[in-house]
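Here is the structure we will look at.
The values are calculated or read from the model by the stated rules, or taken from the named source; none is laboratory data. All values reported here derive from a predicted model rather than from experimental measurement. Cβ atoms come from the backbone with ideal geometry, glycine included; neighbour counts cover every protein chain shown. Heads up: the accessible areas ignore ligands, DNA and RNA and are worked out on the full protein's heavy atoms, side chains in. Shrake-Rupley method; radii C 1.70, N 1.55, O 1.52, S 1.80 Å.
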Amino acid sequence: MRREKKSQRDSGTPDYVFKVGGIALAFLIIGYQSALFVHRAAALRVAALRDSPDTVYVVDAAVAAGLLAEIPEMPELSEVLDGTDGAEAGTATLAVRRNAPHSKGVEQLRRSTRKTESFRFNPNTVSVEDLMRLGFSEKQALSIESYRAKGGKFRRASDFARSYVVADSVFRRLEPFIHIPKLDINKADSADFDDLPGIGPYFAARMVQYRERLGGYSYKEQLMDIRNFDRDKFDALSDLVVCSVPRTPFRLWTLPQDSLRLHPYIKSWQAARSIVLFRENTPSDGWTVQALEDAGILPHEDALRLSKCRIEAPRQACSGEQILQINEKNSTFPE
């Protein structure tokens, strides 16, 4: 009896009342916050369902070019992957990214709940939206976009690291995902060459002209054949360029004398005429650049350079008369 009375007396004390009230208030707050969260999530879900998809990819280059021509407000290309860095470079796959406008609530939620991602990107073309996905704030992303809009370009990953908005820790995380396509010297125009470090309009024009004389570069070290294009200039850009296979091999064994003379490694009319005479008087299985050097037609340095070029295979079992007929038919240097 005394215990029951004591329990009833304790239940009416202020401490007991505060405890019960505190627990009730906590449950009320949790319930209210849960209701707000559910309501907000539901509203955002409804809003998100009314939005357009974030990204549209067009893989076919012709279709993408048509879209960009027909729709002036089409955003910039997010990235152009120009094949591999080796001989097969140049098989382009075009991807067009378009960010759809979203409701204000969806955008705010995305910013507040955005998770840092790591994916392959080109810092010269990546969108502001994707920069934010990579972990940059909106202000930082806009700063990078402003730098590019003013003509700035990231030639190497190290250039991106030197940007004042790119923290060292962020760069270490993103470095494996940075992809800056290299310039194919067999496809670049003078403006592309001019954009390389240490190359102005003069050398850009010379690089295009020399490519035309060669019929296409066979290896990137051929740039150093250009007058005053020294090793230092080449080393400054060698890691930024690749050399795809020339579209047309040099027709050393079929071109006539006047066309042979146009090639940079055949430096005289006498050498061109001697090559023609060599073809007319030597079986086709003996047609090699080394044989031209052994016969004294080409000096060692020119023969060595020519041997590295892409050359057509000798025509088998061609008689001297057949060779003359081929020479008359092929009277122009390959484009």
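Of note:
- Tyr265 meets the conditions (1) open to solvent by 10 Å² or more (accessible area, probe 1.4 Å); (2) modelled with pLDDT of 90 or more; (3) assigned to a loop (DSSP other than H, G, I, E, B) in every case but one. The failed one is (1).
- Residue in the range 291-316 that is modelled with the lowest pLDDT, counting only those that are assigned to a loop (DSSP other than H, G, I, E, B), under 20 Å from Pro249 (Cα atoms) and open to solvent by 70 Å² or more (accessible area, probe 1.4 Å): Gln316
- Only listed residue being open to solvent by 10 Å² or more (accessible area, probe 1.4 Å) and in contact with a Pro (Cβ under 6 Å, 6 or more places away or on another chain), chosen from Thr248, Thr282, Thr288: Thr248
- In the range 134-160, the residues that are open to solvent by 70 Å² or more (accessible area, probe 1.4 Å) and in contact with a Pro (Cβ under 7 Å, 6 or more places away or on another chain): Arg155
- Screening Lys233 against (1) over 29 Å from the mean Cα position of the chain (by Cα); (2) part of a helix (DSSP H, G or I) leaves a single unmet condition, (1).
- For the range 161-217, the set of residues classified as hydroxyl-bearing (Ser, Thr, Tyr), open to solvent by less than 30 Å² (accessible area, probe 1.4 Å) and more than 30 Å from Thr116 (Cβ to Cβ) consists of Tyr210, Tyr217, listed by residue number.
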